[in-house]
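The values are calculated or read from the model by the stated rules, or taken from the named source; none is laboratory data. Just so we're clear, the structure is a prediction, and the values are computed from it rather than from any experiment. All Cβ positions, even for glycine, are placed from backbone atoms using ideal geometry, and neighbour counts span all protein chains on display.
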Amino acid sequence: MRGSLVGTAVTLAAGALLTATTTTATASPPTDAMTPARTSSSQPVLVDCLWHRTVRPDDFLLACGDGNSRLTGLHWDKWSPHGATAVGLNLVNDCKPYCAAGTFHAYPVTIRLDGSQRWKKHPEFQRYSRMSLTYPGVRPDGYKQVMDYPLWD
């Protein structure tokens, strides 16, 4: 009988803790990362894999699952509802002999964003739906000179 009382108490305590955690998380105000510090609904935004929206970011993570491809040092020369263009570097892990022991290499790249459309998560914002990367010179193994990516919605 004592064992079942302890088990019941543990179950009830775990349930209360889970409820408190869930309630706190959903009742919390948005963090700075979720708040559009540099955005307005009049210009398109770039949405990352964590659902943050930005305008003219300095960096952008392409490989969200493992972090093995990132755009950095971005310099934007155009940002409009018709598209955006920038130059920067694509840092790509060669994953040799495996990704955790791999080396990151920097490749110059031109970035083009287009396909401005309403963002499903926040319909008051237009977001870019496509990204194209053009490698003017050397590029990572297995990459084409122009790589096209759908963007998060």
Seminar exercise, completed: Picked from the stretch 40-68 (must be at pLDDT 95 or above and out of contact with any Ser or Thr (no Cβ under 9 Å at 6 or more places or on another chain)), the residue surrounded by the fewest Cβ atoms within 10 Å (Cβ to Cβ) is R56
Problem set entry | From the options K96, K78, K120, K144, residue that is assigned to a strand (DSSP E or B), among the basic types (K, R) and out of contact with any helix residue (DSSP H, G or I) (no Cβ under 9 Å at 6 or more places or on another chain) | K78
For this session: Give the residues of the stretch 69-98 that are surrounded by fewer than 13 Cβ atoms within 10 Å (Cβ to Cβ) and farther than 18 Å from V45 by Cα, sorted by residue number.
Result: K96, P97, Y98
